[in-house]
Amino acid sequence: MKRNFFSLTKTEIAQQKRDMRDRIGCLDCGAERFFLSNRCESCRAGYDKSQRAAVNAVGRAIARGELQSAKTQVCFDCGEPGNVWDHRDYTKPLDVQAVCRPCNGRRGPAQWRAEPECDKYRVAA
């Protein structure tokens, strides 16, 4: 007889959560994930670097007056007041749309490269 979730001990529940977490690989390449992350170590480093570069480019554009603050815009998706500039592709740092925070969360993470650079996809020379 299969036990339901409410009849499991804390140890059994923790083990089920670990097993579920281990089945899900890196979002980009499917390799083993980095501790407490959705990406493997090399994908995580590349994603973080490209995200920081794109966010910094937007900040510099605002400081130079080339781009207005997102708070002065309306959300691209719902028409509410905008809060943040959203990148759909971090390789195009100034291709952004003003969105409110709820819409930004619904849009999900941006694309940050064309192909994974992980060891899993490297061809031995």
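All of the numbers you see were taken from the coordinates with simple rules; none came from a lab. From a predicted model like this one, the values you see are computed outputs, not experimental measurements. For neighbour counting, all protein chains shown are included, and Cβ atoms are generated from backbone atoms with ideal geometry for every residue, glycine included.
General remarks:
- Fewest-first ordering of THR91, THR11 by other beta carbons within 10 Å of each residue's beta carbon gives THR11, THR91.
- For the stretch 26-113, the equivalent ellipsoid derived from the alpha-carbon gyration tensor has semi-axes of 27, 16, 9 Å in decreasing order.
- Likely footprinting exposure, ARG39, ARG107, ARG52, fewest C-beta neighbours within 10 Å first: ARG52, ARG107, ARG39
- Inter-probe distance in nm under a simple model that places probes 7 Å from Cα toward Cβ, at ARG64 and ARG101: 3.0
- In order along the stretch 95-105, phi translates into HN-Hα couplings of 8, 10, 10, 6, 9, 7, 4, x, 5, 4, x Hz, rounded to whole numbers, per the Karplus curve 6.51 cos²θ - 1.76 cosθ + 1.60 with θ = phi - 60° and x for Gly and Pro.
- Going from the fewest other Cβ atoms within 10 Å to the most, the residues CYS78, CYS29, CYS40 appear in the order CYS78, CYS29, CYS40.
- In Hz, Karplus ³J(HN,Hα) per residue of the stretch 10-16 (6.51, -1.76, 1.60; θ = phi - 60°; x = Gly, Pro): 4, 5, 5, 5, 4, 5, 4
- GluC sites (Glu not before Pro) restricted to DSSP loop in the stretch 30-81 with at most 10 other C-beta within 10 Å: GLU66
- Principal semi-axes in Å for the stretch 31-78 [√(5λ), Cα gyration tensor, largest first]: 31, 15, 6
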